[in-house]
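So the structure is just underneath, and the comments pick up after that.
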Amino acid sequence: MLETPRARRGMVTSPHHLASQAGLDVLKDGGTAVEAAIAVAAALAVVYPHMTGIGGDGFWLIAEPGKAPITVDACGRAGAAVDLAYYASKGASAIPFRGPLAANTVAGTVSGWQKALDVSKHWQKPLSRERLLDSAIYYAESGIVVTRSQSELTSEKFAELKDQPNFAGTFMPNGQAPAEGDIMKLPALGATLKRLAVEGFESFYNGKLADTIAADLARVASPVTAADLQNHQATERPPLSTTVRGAQLFNMAPPTQGLSSLMILAMFDRLGVTQAEGFDHIHGLIEATKQAFIVRDEHVGDPDHMTVDPAAFLDDAKLDELARHIDRKIALPWPHVRKPGDTIWLGVIDEQGRSVSFIQSVYFEFGSGVVLPETGICWQNRGASFRLAESGWNALKPGRKPFHTLNPAMAIFDDGRRMVYGNMGGEGQPQTQSAVFSRYGMFGMPLQQAVTAPRWLLGKTWGDESVTLKVEDRFDPALIQQLRDAGHVVEVLGSYTGTMGHAGAIVLHANGVLEGATDPRSDGAVAAW
């Protein structure tokens, strides 16, 4: 997939073609980029349930022409009863990645849908919630067609998911992983989406639906309570920003790793690389990633508990200093802490040039694996990343936000172009963002080619303890050897592997032309008119 789709009136990209179409239909009905993004996010929660859901968190970057971008942080906090003593009473020395003990934070994403509507309400008369959730409700009730990735991941994680509360009854018909092409209905989730449409998105946290969710959580022995739901709120915040040659870049502030994504590109820009796809390009980005991740792992977490201002690391002098630490010929040795995650990213630009870069996740595939019995919500396990420690990086505390790999990106070019881009993939998110943006924004590669081109991932993947530099086998063998000669421990993977995540991008040109890209590694599509 190398040809870049183009259009004039509006464009959506997401990792599932039906979700992209749901967003486009909202645009055609006169909806805004924010409204289309909600339709896409809701549809993905149904048709791509292994990657996302309304039981997770979300982060938004929203922009309208002539105004600075804003962000919406819809990250849930740890429950008030979620402390060290709670896990000690359960005999746990660490928070498990699956099960009720992993379902320990509020699911924030639905609050983000409402906050995004609130911050964009001055744009025009809104569409109804029923219209925004129409496609998601239809697919939940009539049935989704199981994708290969859903089938494979359910089978791969069968042992750790099959005994989680209500999981098998929801996602394992006849006690087995579904086959690709099977039809799967999610009636309880469909009923919950209908209630959200009628009762309002706030009802997830306050009201009769919230009471039902809280009762569900208690029934499956999650420590999250009705009071935790009531105390949650999404917040509007300014983005972090930095400049590179010809563009200003925007991303999310902590608790996300958006700082890393900005630092990688800003440091790489300082290296003055002039040729794409060669050793200087790939090695330079990998080494910039290492410098950014060192900062991230020491400092980034819940902003209420951070001791430094993240913007300080985007100061020109600081970036200059860190860039000087990059050896242009030799790889920095790299043992590193793993940051996994499965997620969806979506982008929308509407006919008025208003843009959304949005990312939503339940963390691991199917999150905690816990499905709430009455509401059909699969709850996230984002809080499994907390450390059971009294203090320090990402230490568990009641009401604390967990560290997030999620980070939607946006760029405004000096020539008037506006770009939304992002990807799923945990640790790989900043790395793939650097690949896609540098290829398109710095070296002029066509947009779809920039997403399709072979990628790399530094660090661990799920179920694998190696900290190798993983590269797709479509790279030039001579380049792979150069990387090995420089000291990188290279592991060659197959073509178009899902290990590299699912990326996408939309660019709005100054003349009104839209270009979009979706990842051939996903089930996605660009939908436009």
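The values are calculated or read from the model by the stated rules, or taken from the named source; none is laboratory data. None of the values given here were measured: they were computed from a predicted structure. Quick reminder, even Gly has a Cβ in these numbers, built from the backbone with ideal geometry, and neighbours come from all protein chains shown. Ligands, DNA and RNA are stripped out before the accessible areas are found, and what is left, the full protein with its side chains, is counted by its heavy atoms. Shrake-Rupley method; radii C 1.70, N 1.55, O 1.52, S 1.80 Å.
Full extension of the chain segment joining Glu180 with Lys162 gains 4.6 nm, where the gain is 0.36 nm per residue of separation less the Cα-Cα distance.
For segment 421-529, the list of trypsin sites (Lys or Arg not before Pro) that fall in a loop by DSSP and count at most 15 other C-beta atoms within 10 angstrom reads Arg474.
Computed extension length for Ala191-Ala92: 32.1 nm, one decimal, from 0.36 nm per residue of separation with the Cα-Cα distance subtracted. Per residue, the solvent-accessible area of the chain (1.4 Å probe, heavy atoms of protein chains only, all protein chains present) comes to 34 Å². Taking the dipole about the Cα centre of segment 1-98, with the C-beta of Lys and Arg at +1 and of Asp and Glu at -1, give me whichever of Ala39, Ala78, Pro5 is farthest to the positive side. Toward the positive end, the furthest listed residue is Pro5. Of the chain, which part is the longest with no GluC sites (Glu not before Pro) in a loop (DSSP not H, G, I, E, B) and with at most 14 other C-beta atoms within 10 angstrom? For GluC sites (Glu not before Pro) (loop position, at most 14 other Cβ atoms within 10 Å), the longest site-free span of the chain is 181-373.
Backbone amide hydrogens, once placed in the peptide plane, bring Val489 within less than 5 Å of Leu469, excluding anything fewer than 5 places away on its chain. Per the Debye formula on identical point scatterers at the alpha carbon atoms of segment 282-437, with no solvent, log10 I(q)/I(0) at q = 0.11, 0.12 Å⁻¹ is -0.57, -0.67. In order along segment 10-20, the phi-based Karplus estimate (6.51 cos²θ - 1.76 cosθ + 1.60, θ = phi - 60°) of 3J(HN,Hα) comes to x, 8, 9, 9, 7, x, 9, 5, 5, 5, 4 Hz; Gly and Pro are listed as x.
DSSP beta bridges in segment 265-423, what fraction antiparallel, as a percent rounded to 5?
Expressed as a percentage, antiparallel bridges in segment 265-423 total about 95.
Taken over segment 28-90, the ratio of Cα radius of gyration to 2.2 N^0.38 Å equals 1.62.
When every Cα-Cα distance of segment 308-388 is counted in 10 angstrom steps from zero, the calculated P(r) takes the values 13, 20, 28, 28, 9, 2 percent.
Cut-off 16 Å, label point 7 angstrom out along Cα-to-Cβ of Asp316: give me the residues of segment 251-269 whose amide nitrogen falls inside. Residues 266-267, 269 qualify, since their backbone N sits under 16 Å from the label point.
Taking loop as defined by DSSP and a crowding limit of 12 other beta carbons within 10 Å, which trypsin sites (Lys or Arg not before Pro) in segment 220-313 fit?
Here the sparse-neighbourhood loop sites are Arg245.
Among the trypsin sites (Lys or Arg not before Pro) in segment 4-69, those located in a DSSP loop and surrounded by at most 15 other Cβ atoms within 10 Å of their own Cβ are Arg8, Arg9, Lys67.
Summing Cβ point charges (Lys, Arg +1; Asp, Glu -1) relative to the Cα centre of the chain gives a dipole of roughly 360 debye.
Can you give the convex hull volume per residue for the Cα atoms of segment 73-180, as a whole number of Å³?
So the per-residue Cα hull volume is 157 Å³.
For the residue pairs Lys125/Lys401; Lys185/Lys208; Lys121/Lys185; Lys90/Lys115; Lys185/Lys401; Lys115/Lys194, the alpha carbons lie more than 30 Å apart in Lys125/Lys401; Lys121/Lys185; Lys90/Lys115; Lys185/Lys401.
Charged side chains reduced to their Cβ positions (Lys and Arg at +1, Asp and Glu at -1) give segment 11-85 a dipole of some 80 debye around its Cα centre.
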